[in-house]
Amino acid sequence: MFGSETVHSGRGEEILEVLQLLVSGLANGCVYGLIALGFVLIYKATEAVNFAQGDFMMLGAFVTLGLTNAEYLDLPFWIAAPLAITIMAVLGYLLDFFILRHLFGQSQTAVVILTIALGFVLRFVAGLIWGHEPQTLESPLALGDVQLGGVVLGMADVAVIVVTFLLTWSLYQFFQRTKLGLAMQAASQNQMAAYFMGIPVRWVQGLIWGLAGATAAVAGILFASKGAIDPNAGLLGIKAFAAAVIGGFGSLPGALAGGLIVGVIEPFAARYLAAGYSQIAPYALLLAVLVFRPHGLFSQVRVKKV
Amino acid sequence: MSLLEIKNATLKFGGVVAVNDLSFSVEEGEVYAIVGPNGAGKSTVFNLISRFYEPFAGQFTFDGQNLLDRAPDEVADLGIARTFQNIELFEHATVLQNLLVGRHRHRKSTLIEELFFAPRVRAEEHRHREAVEEVIDFLDLQPYRNKMIAGLPYGVRKVVELGRALASGPRLLLLDEPASGLSVEETQDMRWWIDDIRKQMGITVLMVEHDMGLVSGVSDRVLALADGAKLAEGTPAEVQSNPAVIEAYLGAGAV
Amino acid sequence: MRIHFKTTYEQDIRLFPDLWTACVYGALILLAFALPYLINEFYIGEVTNVLIWAIAGLGLMLLTGQTGQASLGHAAFLAIGCYTNTILIEQGLPFIVAFPLAGIITGVVGAIIAIPALRLHGIYLAIATIALSILADDIIVLLEPWTGGVSGKFPEMITVFGLEIERWTMPTRFYYLVLVVTIICTLFYRNLLRSPLGRAFAAVRDSEVSATAMGVHIARTKATAFGLSCMITGWAGALMGYYAGTFNNETFSIVISITLLMMIVIGGLGSIHGAFFGAVVVAFLPQGLSILKDGLIGGGVAIPGLETGVFGMILILFILFEPMGIYGRWLKIRIWFELFPFARKDMFRRQKSYLKTERLR
Ligand SMILES: Nc1ncnc2c1ncn2[C@@H]1O[C@H](COP(=O)(O)OP(=O)(O)O)[C@@H](O)[C@H]1O
Ligand SMILES: [Mg+2]
C-alpha cells in the first residue's frame with residue numbers, strides 16, 4: 001500500500017505522498033473510466049446498460065494473458081494485445097447479434113438483468129478456462145518505475161494514464177468527426193428517425209457493442225499490467241458504474257472524469273478516513289450525486305411532451 | 001361565473017413562446033373547441049390546466065377556485081379529466097383496469113383497509129365497477145372489457161382513453177384531438193358521444209381538434225389559436241370565415 | 001375449457017374468480033398443511049427454504065412486477081428485517097410483536113429511502129440500489145454494537161404463546177410458522193392487486209403523466225410501493241435469519257440481491273405465481289446441480305461459480321425465449337390443454353412494441 005512506508009513526516013514527504021496517492025488513484029481511475037466508457041458507449045447507442053462490462057474487461061485481460069503468457073500460447077505481447085482487442089470486439093458484436101438484438105422492445109429491467117446474468121456466465125467460463133488463482137500478465141508495460149523529481153511512479157501506472165487519455169480522445173474525435181461516428185450518434189439519439197434516414201440502426205448498434213468490447217479489452221490489458229487478475233476482477237465494474245453515473249451516463253469525457261474522481265477518492269479515503277468509512281466513500285458520493293442530480297452531473301433527460 | 005377562466009396566460013420554452021398572453025373562458029355546459037395549426041400551443045394550454053407546466057404569468061380559475069394552488073394530481077379531484085394527443089393508456093393492464101384507474105379520485109379506503117380487503121373496500125369496488133360499467137355501455141366497449149391495451153387497435157384505444165376520463169365523473173372534460181387518426185365512421189361515433197356527454201351527462205367539454213367538420217358539428221364556440229395567441233373567437237361559422245384565421249391556416253400550409 | 005359466465009361484479013372482485021379455482025387453491029393449502037406428514041424432515045427444511053425465498057420474491061415482485069422499478073438492493077432490506085427482528089427480541093419483545101414490527105420498520109425505512117430514489121428511473125434506480133446493497137455490508141460492520149459486526153448474531157429461539165419453535169430441532173413447527181407468514185403475505189399481495197392502490201401501481205408503471213391526470217400522486221404511490229415491498233422483504237429477512245441460524249454482514253450480500261431479482265424474472269414478472277416458481281428454482285438449483293455433477297464427474301470436485309453461472313444461463317434463455325418466465329410458460333401449457341385441440345401457435349405470438357426511451361419522462 002502507498003503511504004504505509006512514509007513514517008517520518010516532513011512537509012516535502014507529505015507532498016510526495018499526496019502526489020503518489022494521486023498518481024495511483026488516477027491510474028486506477030483510468031481503468032474505471034475505460035469501463036465506464038464502455039457503459040456510456042452502449043447506453044448512448046442502445047439505451048441498454050451492459051452490467052457485464054466489468055466482466056468484459058476481465059475476459060479481455062484473460063484472453064491477452066492466454067495469448068501471451070509463457071505457460072499458454074507464448075505469443076509476443078505486441079501481437080497478443082491487438083489480437084485480444086480484436087477478439088473482444090468480435091465477441092461484443094456477436095453478443096449483440098445473438099442476444100441483445102432479440103430483446104428489442106423488452107423492458108430495461110430485462111436488459112439489466114440479462115447483462116448481469118451474462119457477467120455470471122462469463123465469470124464461470126473464465127474460471128473454467130483459466131482457473132481461479134490470481135495470475136499476472138507478462139506485459140512489457142509492467143516493468144520498472146519512473147523517477148520524476150523524487151516521485152517514484154510505476155511504469156504501468158504511467159502507461160495506463162497515457163493510453164486511457166489517448167483512447168478517450170480518439171473515441172471522442174471518432175464520434176465528432178467521422179461519418180460512421182456521426183451515424184452512431186444519430187442512431188443513439190433517435191432510433192426511429194435514424195432508421196428512416198437510412199442509417200442501418202441494428203448494424204450500427206452491433207458495431208457499438210464491438211467497440212465496447214474492444215475498449216474493455218484495452219482496459220483489461222492495462223488492469224492486468226498493474227496487478228494480478230482472477231475471474232472475479234470484473235466486479236470492480238460496480239465502481240465503474242459509480243463513475244459512469246457521476247459522469248452522467250451521457251458523455252465520453254464525462255465517463256472518464258467520473259472514473260478519475262472515483263479512482264482518486266479511493267486512495268485518499270483509505271489514507272485519511274477511519275478504516276470502516278473508506279470503502280464507503282465512492283458509493284456515498286454516488287448516492288449523493290443521484291440524490292442531487294438524479295441523472296448524473298451532465299444530465300440528458302428531458303421531460304416528455306404530451 | 002364561467003366554469004373555467006384563463007386570464008393572460010403566458011408560457012415560454014426557451015425562446016419559443018408557446019402560449020402568449022392568452023385569455024378565454026369556458027361556460028358550464030358548453031362544448032368549446034380550440035383550433036389552430038400544429039405548434040400553435042393547443043396542447044400546452046391543456047398541460048397548463050392539468051398543472052403539468054407552471055405558467056410564467058396568468059390566472060387559472062376553475063369554478064371559482066385558483067387552479068394554480070393545486071398540485072397536478074389534485075386537479076382531478078376538482079373534477080377535471082382529460083385525454084392525451086398521443087394516447088397515454090396503461091399498456092399492460094386491461095380495459096377494465098384502465099377505466100377503474102379513472103375512479104382513483106373517488107378512492108376513500110386506506111392502505112390498511114386495502115391490505116385486508118375490508119368490507120368498505122369491497123363495497124367501494126362495487127360502486128366503482130358500476131360507474132365503469134355505465135361508461136362501458138355508453139361507449140360500447142363490452143367486447144374489450146378484459147382485453148389488454150397492448151393488443152388493441154388505435155381506434156379502440158382512443159375510445160378507452162375517453163372512457164377512462166369519463167369514468168372519473170368529471171365536470172370538465174379536456175379532449176386533445178379526440179378524432180385524430182380515426183376513420184370516418186369512428187369520427188362520426190365520436191361526434192355523437194361528445195354530443196351525448198354534454199347533453200345527457202351535462203359535462204362541459206373543452207377540446208382541441210383539427211377536423212373542422214367535427215368542430216362545427218359539436219361545438220358552441222371556437223377559439224382559433226396561432227403562435228400561442230388568440231386569433232379569433234366565436235361560433236364555428238364566425239371563426240371559419242374570419243380572414244385572419246384563413247390567412248393563418250393558408251399561411252401555415254395546414255388543413 | 002372453463003367459461004366464465006359473469007353474473008355479478010363480485011366475480012371479478014372476490015379472491016377467486018370461480019369455485020373451481022377456489023377448490024384448487026384450497027387443496028393446495030391443505031396439501032401444504034399436510035406436508036409434514038407426507039415427507040421427511042430434511043425435505044420439510046427444503047420446502048421451508050422455498051417458502052422463505054417466495055416471501056422475499058413477493059416483496060420484490062410488488063416493486064418490480066407491479067410498479068416497474070427494478071431494485072438490485074433488496075438484500076439490504078432482508079438484512080434490516082433480520083437484524084431488527086433479532087434486536088427487538090433481544091430487547092425483550094415477544095416474537096409475536098417483534099416479528100410484525102420488524103417488517104413494518106423495514107417498510108418505513110424503505111419508504112424513507114425511496115423518497116430520494118423516487119426521482120430515479122430505470123438504470124439509475126438499479127445503480128442506486130446496488131450502491132445501497134454494497135453500503136449495507138459496511139454499515140452493518142460500522143454498527144457493530146448493535147449488529148455484532150463481522151462476528152454476527154444468533155437469533156434466539158422463537159416462542160409464540162409458550163410454544164417453542166426452532167429451525168433445526170423442530171423443523172416442522174418452523175415450517176408451519178413460515179407457511180402462515182407466506183399465506184398472509186400472499187393474501188396482502190392479492191388484496192392489493194384487486195384494490196385501488198394496486199391499480200395505481202400499474203398506472204404509475206405504465207404512464208406517469210396520465211396517472212397524475214387521474215389523480216394518482218406519483219411520489220406517494222411509489223414510496224408506498226417501496227415501503228410495502230420492503231415490509232414483506234423484511235419479514236423474509238427475519239425468517240432467513242432463523243433459517244440460517246446465524247448471520248453477519250456478509251449474509252445478505254449483493255449476490256442475494258441479484259439472485260432475488262433474477263428469481264422473479266425467471267418465475268415470471270408481475271405474477272404471484274412467479275415468485276413461487278422462481279423460489280423453487282433458486283432453492284433447488286444447487287441440489288440439482290450437485291447431483292448432476294456427482295453423476296457426471298464424480299463427487300468432491302468443486303467448480304466455483306457453477307451455480308451462479310448456470311443460473312445466469314437459465315435466466316438468459318428465459319429472457320430470450322420466454323420473457324414471461326415460468327408462469328408465462330405454465331399459462332400457455334394450461335391454455336393449450338384447455339383449448340385442445342384448437343390451440344394455434346400464433347395465439348401466443350409476442351406483442352411487438354417499440355423501445356420506450358428513458359431520456360423522456
Ligand atoms: N415540453 C416542451 N418543451 C419544449 N417545447 C415545448 C414543450 N411542449 C411544447 N413545446 C413547444 O411549444 C409549442 C406549442 O406546442 P403544442 O402545444 O404541443 O402545439 P399544438 O398546438 O400542436 O398542440 C411548440 O413549438 C412546441 O415545440
Ligand atoms: Mg397538440
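The values are calculated or read from the model by the stated rules, or taken from the named source; none is laboratory data. These numbers were taken from a predicted model, which means no experiment stands behind them. Ideal geometry is used to build each Cβ from the backbone, glycine not excepted, and the neighbour counts take in all protein chains shown. Remember, those area values only see protein heavy atoms, side chains included, never the ligands or the DNA or RNA. Shrake-Rupley method; radii C 1.70, N 1.55, O 1.52, S 1.80 Å.
Structure notes:
- Residues of the range B:30-58 that turn out to be away from ligand 2 (no atom under 13 Å from the Cβ) and farther than 23 Å from residue C:210 by Cβ, as a count: 4
- Considering only residues in the range B:29-40 that are touching a Leu at 6+ places or on another chain (Cβ under 6 Å) and modelled with pLDDT of 95 or more, the one that is farthest from ligand 1 (Cβ to nearest atom) turns out to be B:32.
- Out of A:154, A:227, A:220, A:150, one residue alone is in contact with a helix residue (DSSP H, G or I) (Cβ under 7 Å, 6 or more places away or on another chain) and more than 23 Å from residue A:43 (Cβ to Cβ). It is A:150.
- Among the candidates C:80, C:29, residue that is surrounded by 19 or more Cβ atoms within 10 Å (Cβ to Cβ) and of a type in the set (A, V, I, L, M): C:80
- Test result for residue B:146, within 16 Å of ligand 2 (Cβ to nearest atom), under 24 Å from residue C:68 (Cβ atoms) and not aliphatic (A, V, I, L, M): no
- Residue match in the range A:217-235 (condition: in contact with a Gly (Cβ under 9 Å, 6 or more places away or on another chain) and surrounded by fewer than 18 Cβ atoms within 10 Å (Cβ to Cβ)): yes
- Test for residue B:68: is it within 13 Å of ligand 2 (Cβ to nearest atom) and either farther than 25 Å from residue B:201 by Cα or free of Cβ contacts under 8 Å to residues at least 24 places away in the same chain (or both): no
- For the range B:41-60, taking the residues that are more than 9 Å from ligand 1 (Cβ to nearest atom) and among the small types (Gly, Ala, Ser), the one that is least open to solvent (accessible area, probe 1.4 Å) is identified as B:50.
- Residue within the range B:7-20 that is crowded, with 22+ Cβ neighbours inside 10 Å and under 14 Å from the mean Cα position of the chain (by Cα) present: no
- The set of residues from the range C:294-327 being surrounded by 15 or more Cβ atoms within 10 Å (Cβ to Cβ) and more than 13 Å from chain A (Cβ to nearest Cβ) comprises C:326, C:327.
- Residues within the range B:61-117 that are more than 16 Å from ligand 1 (Cβ to nearest atom), aliphatic (A, V, I, L, M) and open to solvent by 20 Å² or more (accessible area, probe 1.4 Å), tallied: 5
- The set of residues in the range C:155-194 that are under 16 Å from the mean Cα position of the chain (by Cα), open to solvent by 10 Å² or more (accessible area, probe 1.4 Å) and under 23 Å from residue C:92 (Cα atoms) contains only C:181.
- Within this structure, residue A:93 passes the test of being assigned to a helix (DSSP H, G or I) and in contact with a Gly (Cβ under 9 Å, 6 or more places away or on another chain).
- Selection within the range A:267-300: residues that are modelled with pLDDT under 65 and open to solvent by less than 40 Å² (accessible area, probe 1.4 Å). The member of this set that is nearest to ligand 2 (Cβ to nearest atom) is A:295.
- Checking the stated criteria, residue B:122 turns out not to satisfy the condition of being at the interface with chain C (Cβ under 7 Å from one of its Cβ atoms), open to solvent by 50 Å² or more (accessible area, probe 1.4 Å), in contact (Cβ under 8 Å) with a residue 60 or more places away in the chain and not in a loop (DSSP other than H, G, I, E, B).
- Note on the range C:120-153: residues that are buried (at least 17 other Cβ atoms within 10 Å of the Cβ), assigned to a loop (DSSP other than H, G, I, E, B) and at the interface with chain A (Cβ under 10 Å from one of its Cβ atoms) amount to 2.
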